[in-house]
Amino acid sequence: MQDFPTAPDNAALFLDFDGTLVEIAERPDAVRVPPDLPPLLERLSRHLDGALAIVSGRPLAELDHFLPGPVAKAGNHGAALRRRPDGAVESPALASPPAAWRARTQALTEAFPSAFIEDKAHGFVLHYRQAPEAGAVFRDLLESLVAEAPEHFALLPARMAWEVTPRGVSKATAVTSLMAHPPFAGRVPVFVGDDVTDEAGMQAAREAGGIGLRLQDAFGTPGDFRAWLAALEARYAQGRAA
């Protein structure tokens, strides 16, 4: 039986969504959320006095749709932050890529009909999961576009996707910002993610004296991780009852 890591009683949990809490889907809107996951996260958040946040590349509106429970959330790689379930959304002023960039990307995808673009508030994602042969072609185009304004934009690699995103925000900035204020301040950050875009959040957690875990190495699958979260919630509940 695999030995899973442990989380301290005073943890602050930072959890990626796609590929970590739920399995990757062919398209972002096709993801399936187990019905017991939102209430599990809500209970965990209560045990941690609110120090649990979903940190995702998805927009907040999508996170709220798939995970409607009252937990803190950071969307668009930290570009939109809600510290508390009933709190205001914090969004720094960020550049948006020129419309011509998206038009050129769209034109290229016409040669690969299975690929598609996912629009974000300050960028876009080019998904090629169903057209893997196009990955390098898409990368070359997007790298050339970002090179036109490297001080404002970056190209993020993801699992079978490339994302054009503004500089200045990341999952690391989300973790750092959340850790600066209650209910996260003073706790031990634990970041769990599965993708290249999560590595900055993992590193930020480690630099703050916490733990950064890659799902595949520490747990295996999203199902294994959900089972670990359920066991963690049971441990916290037992500790409160004692």
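Please treat every number below as a calculation from the coordinates, not as lab data. Please read these numbers as outputs of a predicted model, since none were measured by experiment. Virtual Cβ from ideal backbone geometry, glycine too; neighbours counted across all protein chains shown.
Estimated at 0.36 nm per residue, the fully extended path between residue 143 and residue 185 surpasses their Cα-Cα distance by 11.4 nm. Relative to the current alpha-carbon distance between residue 129 and residue 238, full extension at 0.36 nm per residue lengthens the span by 35.0 nm. Computed over the alpha-carbon atoms, the stretch 99-166 gives an Rg to Rh ratio of 0.92, Rh here being the Kirkwood radius from the mean inverse distance.
For the stretch 5-48, the dipole from Cβ point charges (+1 on Lys and Arg, -1 on Asp and Glu) about the Cα centre works out to 140 debye, to the nearest 20.
For the chain, modelled as a GNM whose springs connect Cα atoms under 10 angstrom apart, the maximal fluctuation among 214, 82, 32 occurs at 32. Every helix of 4 or more DSSP H residues in the chain counts as -39500 (n - 2.57), and over all residues that averages to -10000 deg cm²/dmol at 222 nm. Computed from point charges on the beta carbon alone (+1 for Lys and Arg, -1 for Asp and Glu), the dipole magnitude for the stretch 99-166 about its Cα centre is near 160 Debye. Annotation for the stretch 223-240 versus the stretch 1-70: alpha-carbon center distance of 13 Å. In angstrom, the C-alpha Rg and Dmax of the chain are 18.1, 62. Taking every DSSP bridge with both residues inside the stretch 1-150, close to 55 percent are antiparallel. Can you tell me the alpha carbon radius of gyration of the stretch 178-217 divided by the globular rule-of-thumb value 2.2 N^0.38 Å? Scaled against compact globular proteins, the figure is 1.14.
Beyond 19 Å, what percent of the Cα pairs of the stretch 23-95 remain? Considering the stretch 23-95, 34 percent of its Cα-Cα pairs are separated by more than 19 Å. Under a GNM of the chain (C-alpha, springs under 10 Å), which listed residue has the highest mean-square fluctuation: 73, 171, 120? Of the options given, 120 has the highest mean-square fluctuation. Pairs of Cα atoms nearer than 8 Å and 6+ residues apart set the relative contact order; for the chain it is 22 percent. Each Lys and Arg adds +1 at its Cβ and each Asp and Glu adds -1 at its Cβ; summed about the Cα centre, the chain shows a dipole of about 580 debye. Positive-end ranking of 219, 146, 164 along the dipole of the chain, with charges on Cβ about the Cα centre, is headed by 219.
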